Amino acid sequence: MTAPFEPQPFTWSGRRAWLLSEEPGSRRQARLGSFYRGWLALRENPLAMVGLAVVVGLALVAALADVIAPGNPLIGGPLRTERLLPPSAAHWMGTDDQARDIFTRVIHGARLTLQVVALVVVTATPIGLLVGTTAGYFGGWVDAVLMRITDIFLAFPRLILALAFVAALGPGIENAVIAIALTSWPQYARLARAETMTIRHSDFISAARLQGASSARILWGHVAPLCLPSVVIRVTLDMAGIILTAAGLGFLGLGAQPPEPEWGAMVATGRRFIVDQWWVAAMPGLAIFVVSLGFNLLGDGLRDALDPKAAR
């Protein structure tokens, strides 16, 4: 006999009723239902859907860069005939001072930008979550030590601190990722600590402790999953800042090195021609603007959809 919470039959209306059930019959149903409710709330926000479209488009462009881009991003054409050409049917965004197609370089730069964002997120988020939940759960001297370390990182502007780390580590995209990750985790740690302090004395935490669960099991099995939604929202909102910081390092020559098609470095190259050949700097700058705006819109939508305290 089919369980009462299963869709009857396997139609979309039945599945929708199963997902929206107020009395889920399993953890899987509860999790899928929570995800579906969040998607419905996100879908009602048109600006969030625009941001989602931009982010999905960025991912598709990065994945299909070799197919979409018409040429080689590192090698240009003849300098005599194709240098600094304006946008046209042959070169949609024009060419740069090395006769390279800017559209091709912007497309491949999307892949590089997405790699930087992904590496920073998978590096900084676990660090911030670990530090914040540990400090909030144990309190006392552990909280004091970890939060004072966090305060030291928060005392400096992100770009200035990233510049200091890159200056010490040396220029390069790998060192730029490390520097941005080291400057990003304190915000997540503060947020995770605040969330942990509100739930560390809850009944289910006390019950788990009485059953003999270790502190590590409680932290990663009960506390961290509850802190994760708020941290994910903050990470999404911070992705625009990560992109701008990476572009700023590239603009200053401390990020990706030539001839890599990094958007910030492309803007730095184009500033010499900003008066007469505006497209050299404007096109990668426009890409930075659109992608940063997309992440901001998506982050705002996720905050409204997933954060109960943001609901009106």
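Okay, here's what the table says:
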quantity: Centre separation in Å (Cα based) which lies between the stretch 69-86 and the stretch 225-302; calculated: 24
quantity: Gain on full stretching of the segment that runs from E22 to L64 - 0.36 nm per residue minus C-alpha separation; calculated: 11.0 nm
quantity: Relative contact order for the chain, counting Cα pairs under 8 Å that sit 6 or more residues apart, in percent; calculated: 22
quantity: Shape category assigned to the chain from the gyration tensor of Cα positions, a/c cut at 1.5; calculated: oblate
quantity: GNM flexibility winner over the chain from R105, R200, R31 (Cα, springs under 10 Å); calculated: R31
quantity: Positive dipole terminus of the stretch 1-126, leading residue within W39, G14, V54 (C-beta point charges); calculated: G14
quantity: Contour excess over end-to-end distance, with Cα ends at F204 and T81 and 0.36 nm allotted per residue; calculated: 37.1 nm
quantity: FRET efficiency, L169 to A30 (Cβ-Cβ, R0 41 Å, nearest 0.05); calculated: 0.35
quantity: Ranked packing of 244-257, 79-92, 54-67, most packed first, by mean Cβ within 10 Å; calculated: 244-257, 54-67, 79-92
quantity: Gaussian network model of the chain, Cα within-10 Å springs - most flexible of A118, A144, A17; calculated: A17
quantity: Largest to smallest accessible area among T150, T123 [probe 1.4 Å]; calculated: T123, T150
quantity: Ellipticity estimate at 222 nm from DSSP helix runs (n ≥ 4, -39,500 (n - 2.57)) divided over the chain, nearest 500; calculated: -23000 deg cm²/dmol
quantity: Selection from I149, Q187, G170 lying farthest towards where the dipole of the stretch 146-209 points positive, charges on Cβ; calculated: I149
quantity: Protein accessible area in the chain, 1.4 Å probe - carbon and sulfur %; calculated: 65
quantity: In nm, spacing of pseudo-spin labels at V56 and V142 (7 Å Cα→C-beta vector); calculated: 4.2
quantity: Computed lengthening from I274 to R43, 0.36 nm per intervening residue step minus Cα-Cα distance; calculated: 79.2 nm
quantity: Most to least packed among 38-51, 171-184 [average Cβ atoms within 10 Å]; calculated: 171-184, 38-51
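The values are calculated or read from the model by the stated rules, or taken from the named source; none is laboratory data. Remember, it's a predicted structure, so these values are computed and weren't measured experimentally. Virtual Cβ from ideal backbone geometry, glycine too; neighbours counted across all protein chains shown. Just the protein is used for accessible areas: all its heavy atoms, side chains included, with ligands, DNA and RNA removed. Shrake-Rupley method; radii C 1.70, N 1.55, O 1.52, S 1.80 Å.
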